[in-house]
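Colleague: Questions regarding the structure given below will be posed in turn.
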Amino acid sequence: MPVGLFRVCLVVITAIINHPLLFPKENGTVPENTEEIIQKMKEREESLRLEQLRLEQEIADQEARQKTLEKAAEVVEESKEEKVRWDMWTALSLVIFLLIELWRQDFQEANWQDTGGEEDDMAVLGKAFKGVAFPDKAVLASFYEKRILGTTGDMARMREMVEGFADDLLEALRSVCNRDADMEVEDCMGVGSMYENWRVRKPFVCDLIVPFAPPEPYCFRSQIWCSGDSFPPDQQGYGTIKVCRADEDVTGCICDKTKLGEDMLCLLHSQANTTRPSSEMEDLLCFKNTQYLDADQVMKWFQIAVTKAWNRISHKYEFDLSFSLLDSPGALKIKFKSGKSIAFNLTPVVQYENSDVYFISHFPRGSLAADVPSSTHWFLTFAVYERRYIQLVSKTLPVNACHVSCLQILSFLHGKQCSLTGPSGLTNYHLKTVMLHLLQTRPSQDWAPEKLEACLQDMLKFLEKCLHEKKLYHFFIGNGKVPAELGFPIIFQRAEPLNLFRPFVLRRDVYRKTVDTFHEMLRNMSALINEYTVHIPLAHTNGIHKGSL
């Protein structure tokens, strides 16, 4: 601004000095046209005044821009400071949250460790069971030899007999089915405790799964909960199966999603392919007015087919075959003329892609999948991989390792306690999952046969910890440490872990009953074992707890 004022003053002074009337020339004379000169001077004065106004306006505009820039700089600086303060608060809040979460987990772990560390591990399995007597090695060894081994010797003969009959029955089933319209049935496979050699309670029941596929030109296209699409929490572990033509685009044509005009025709699909009669899809065992495979329709078809197959071959056998349980559509029973019977489950399944994971239509009664969301949702079973994993790990364990023995004893004790106090939320599958987790985390030498007592205690402690936290994760789902030799699908290893104890979070009554049954089993453990080990003195028996009688 001072520079601008100086320029204005300089112009005014120059005009005054050069004014002809103020400093006339020495020999000059006043021109005759005075009025014309005066008019020019006024014009000159007016132009100078306008120039002065323009310069003042320019100076004012410059000052305004300078103030605007200063204010903008101040706003930017304030926003930077505010952002820094916000980032600091966000980071601080996140750190505090992580510290609280770590403290909570450490606190829970410390509480669990304290319950087993205050007293001798032989006497304390949890803070609610101080003084629980645990059978010694001699009692456990005698019990296992007399009660477990003595009742499982004929399992191999039973498996062989059931498998041979099932193969014959399925061959007859293929002969009575229409190869052009009915489902194609493959060979059956044995899974579960009977084929993993740890079932102890009678009656012995063989579990067989039967893969099937649709007739040509159809195929199954499956969608599982961890494939990327959002599934509700109660549908985790499930999937859907869509019946499609083999030449049909996976993503579907736009003609299926857009209503075409009468004068428009899809060039990819003929009129016969774009609309499928509902009766055709129902013949393919789909849910009404959909392309999704219906588990109920599959079981009805399978029961009818099995009945027809049995009628064709029944003359070859000297026994009767019938469906034994109404709530288990695949439960069959062989009845001999002597009155003896053999039960087995024959359940149709659908293979997931090219793996040994299967969609299972129905679980046997009392297994882990109790409430199915709908008949179009199929639960996935990993039973084939579980059997292979046990076989694979067994090769690395000491001779006569005690992992199967521990599972058999625990299954027997839990089953016996349930017969006294009623069923609980625990299943044999939960007990097997506990063993699988410990097989992966414990060193192989810890499963030596002479460490049966310690391994059984560890299984009980692990199970009690899972019950306390209401968390028992599926062994394969979300487990990135599955041996590569199994060829297990990577999509399940990368999935979120599946909590098998989630029903306990939703149903407190079932959880309370399960915990009470587990506690009663611990109290009665010595008495239950000594009851079946009569030649061992009952020195360690405290008597069965009154609450269980």
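Colleague: Using the Cβ atoms and a cut-off under 13 Å, what net charge is assigned to the surroundings of ASN530, where Lys and Arg are +1 and Asp and Glu are -1?
Modeller: Neighbourhood net charge equals +1.
Colleague: Taking a ≥ b ≥ c as the square roots of the eigenvalues of the Cα gyration tensor of segment 392-485, is the shape rounded (a/c under 1.5), prolate (a/b larger than b/c) or oblate?
Modeller: Verdict is oblate for segment 392-485.
Colleague: Oh, and also: Compute the distribution of all C-alpha to C-alpha distances in segment 156-252, in bins of 10 Å from 0, and list the percent of pairs in each, rounded to whole numbers.
Modeller: Reading upward from the zero bin: 13, 28, 29, 24, 6, 0.
Colleague: Please compute the alpha carbon radius of gyration of segment 448-496, then divide it by the globular-protein estimate 2.2 N^0.38 Å. Two decimals is fine. List each step's numbers first, then the result.
Modeller: Numbers: Rg = 14.6 Å, N = 49, 2.2 N^0.38 = 9.7 Å.
With N residues counted in segment 448-496, Rg over 2.2 N^0.38 Å equals 1.51.
Colleague: For segment 422-473, what is the convex hull volume of the alpha-carbon atoms per residue, in Å³? Numbers along the way, then the final one.
Modeller: Values: hull volume 4.8 nm³, N = 52.
Cα-based convex hull of segment 422-473, divided per residue, equals 92 Å³.
Colleague: Based on the alpha-carbon gyration tensor of segment 456-538 and its eigenvalue square roots a ≥ b ≥ c, which shape applies: rounded if a/c is under 1.5, prolate if not and a/b is larger than b/c, or oblate? Before the final figure, lay out each step's value.
Modeller: Working: a/c = 4.00, a/b = 1.67, b/c = 2.40.
In terms of gyration-tensor shape, oblate.
Throughout, read-outs are computed from the coordinates displayed, never taken from laboratory work. The model shown is predicted, which means the values in this text are computed figures rather than measured ones. Every residue, glycine among them, receives a Cβ derived from its backbone with ideal geometry; neighbour counts consider all protein chains shown.
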